[in-house]
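I have placed the structure first, in the form of structure tokens, so that the comments after it can refer back to it.
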Amino acid sequence: MPVSTDFKPFVLHEPLSSTLPLLCDSPHSGIIYPADFNVALAMPLLRQGEDTYVDELWQALPQFGASLLEANFPRTYIDPNRDENDIDSALFASGEKWPHPLQPTVKTEIGYGLIWKKVRGAEIYNRALTVAEVQSRIENYYRPYHQALADRASALYEQFGALWHVNLHSMPSDAYVGLGLADKPLADFVLGDRDGTTCDEGFIACIEQFLLEEGYSVARNDPYKGVALIERMGQPAQNKHSIQVEINRTLYMNEITFEKNAGFVRLQRSLAGLSKAIADYVQSQL
């Protein structure tokens, strides 16, 4: 596992063809673990928090005019798909107090806020964190990622008067187990638009129809609706549309060893086709 004391928190892939107002981001595929990530959890279990290979699966996007932003750091270190104030005060040592008001969500309550406490129920730390180290993560990783996303979104919207955003993720095959629904089958893809509030119907329908025609099963907003990123980005009344795409990891990898399986190439090819379909849809709306 690569470790570095000095690396950029993100990579931004520029469009390789005529630029479209299409911005895609993979906030959870980072696999470079910062040297100051002092944890008690063994690496194989810690890595269960990654959206491993999601950036690689969607690598064709820039060929069709999309901008593609990828986080390099792991979300178990700090999660770009949470708000800055989504912090559990119990993380900190006695006497350490966060200097701003906190608004922990249900994600924080179960251990998966801005700073994760658990991976698959296992505690990440055997120590308290300091306010200073969490502030450092925000300043050096979280904010640069969000600034890059905001800057590109603003530039595209200013140029085109519209924006389409796709938030790229993967999901464990047993996603329903933690919800007490172990017998419920998980779809190959889950499309989240926060129950129809973050994008127009045509955008999500375009993605859904392509995947169904490729032979994949698709669900909407179950069990994932999308969280802070698409809620912030998706403002359909302003012609800003955002959707979250979750991929069942068993389609392309062994969830224990992280090895690509026989389905990886087919899925990557399908997502290249979907990238073109999304680009064609965006072009049709301009």
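The values are calculated or read from the model by the stated rules, or taken from the named source; none is laboratory data. Just so it is clear, the model here is predicted, and its values are computed rather than measured. Cβ: placed from backbone, ideal geometry, glycine included. Neighbour counts: every protein chain shown. Just so you know, the surface numbers come from the protein's heavy atoms only, side chains and all, with ligands and any DNA or RNA stripped out. Shrake-Rupley method; radii C 1.70, N 1.55, O 1.52, S 1.80 Å.
Taking the stretch 174-200, which residues are surrounded by 12 or more Cβ atoms within 10 Å (Cβ to Cβ) and within 20 Å of HIS241 (Cβ to Cβ)?
PHE189, VAL190, LEU191, GLY192, ASP193, ARG194, GLY196, THR197, THR198, CYS199, ASP200 - these are the residues of the stretch 174-200 that are surrounded by 12 or more Cβ atoms within 10 Å (Cβ to Cβ) and within 20 Å of HIS241 (Cβ to Cβ).
Condition check ((1) assigned to a loop (DSSP other than H, G, I, E, B); (2) touching a Pro at 6+ places or on another chain (Cβ under 8 Å); (3) at pLDDT below 95; (4) not acidic (Asp, Glu)) across all residues:
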residue: ILE87; (1), (2), (3), (4): yes, yes, no, yes
residue: GLY95; (1), (2), (3), (4): yes, no, yes, yes
residue: GLU139; (1), (2), (3), (4): no, no, no, no
residue: ARG143; (1), (2), (3), (4): no, no, no, yes
residue: GLN147; (1), (2), (3), (4): no, no, no, yes
residue: ALA150; (1), (2), (3), (4): no, no, no, yes
residue: ASN167; (1), (2), (3), (4): no, yes, no, yes
residue: SER173; (1), (2), (3), (4): yes, no, no, yes
residue: VAL190; (1), (2), (3), (4): no, yes, no, yes
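Out of the stretch 21-45, which residues are assigned to a loop (DSSP other than H, G, I, E, B) and open to solvent by 10 Å² or more (accessible area, probe 1.4 Å)? First the steps, then the outcome.
At the first step, the residues of the stretch 21-45 found to be assigned to a loop (DSSP other than H, G, I, E, B) are 21, 27-32, 35-42.
If the condition is that a residue be assigned to a loop (DSSP other than H, G, I, E, B) and open to solvent by 10 Å² or more (accessible area, probe 1.4 Å), then ILE31, ILE32, ALA35, ASP36, PHE37, ASN38, VAL39, ALA40, LEU41, ALA42 are the ones that fit.
Please work out if VAL106 is under 19 Å from ASP151 (Cα atoms), surrounded by fewer than 20 Cβ atoms within 10 Å (Cβ to Cβ), out of contact with any Ser or Thr (no Cβ under 9 Å at 6 or more places or on another chain) and not hydroxyl-bearing (Ser, Thr, Tyr). Quick ask: steps written out before the conclusion?
On the way: under 19 Å from ASP151 (Cα atoms): no; surrounded by fewer than 20 Cβ atoms within 10 Å (Cβ to Cβ): yes; out of contact with any Ser or Thr (no Cβ under 9 Å at 6 or more places or on another chain): yes; not hydroxyl-bearing (Ser, Thr, Tyr): yes.
No: the conditions fail for VAL106.
Among residues belonging to the stretch 46-74 that are aliphatic (A, V, I, L, M) and part of a helix (DSSP H, G or I), point out the one that is nearest to ALA277 (Cα to Cα). Steps first, please.
The first filter runs over the stretch 46-74 and keeps only residues aliphatic (A, V, I, L, M), leaving 46, 54, 57, 60-61, 66, 68-69, 71.
So of that shortlist, the ones also part of a helix (DSSP H, G or I) come out as 46, 54, 57, 61.
Numbers: LEU46: 35, VAL54: 18, LEU57: 16, LEU61: 10 Å.
By that ranking, first place goes to LEU61.
So LEU16 clears everything in (1) surrounded by 15 or more Cβ atoms within 10 Å (Cβ to Cβ); (2) among the hydrophobic types (A, V, I, L, M, F, W, C); (3) assigned to a loop (DSSP other than H, G, I, E, B) except one condition, right? Which one?
Condition (1) is where LEU16 drops out.
Filter the stretch 213-239 down to the residues that are closer than 28 Å to LEU149 by Cα, open to solvent by less than 50 Å² (accessible area, probe 1.4 Å) and not in a helix (DSSP H, G or I) and list them by number. Break it down into steps so the answer makes sense when it comes.
Taking the stretch 213-239 as the starting set, the residues that turn out to be closer than 28 Å to LEU149 by Cα are 218-239.
Subsequent filtering for residues that are open to solvent by less than 50 Å² (accessible area, probe 1.4 Å) retains 218-219, 221, 223, 226-230, 233-234, 236.
Scanning the stretch 213-239 gives VAL218, ALA219, ASN221, PRO223, GLY226, VAL227, GLY234.
Name every residue in the stretch 97-119 that is of a type in the set (D, E, K, R) and assigned to a loop (DSSP other than H, G, I, E, B), in order of residue number.
Filtering the stretch 97-119 down to residues of a type in the set (D, E, K, R) leaves 97, 107, 109, 117-118.
If the condition is that a residue be of a type in the set (D, E, K, R) and assigned to a loop (DSSP other than H, G, I, E, B), then LYS97, LYS117 are the ones that fit.
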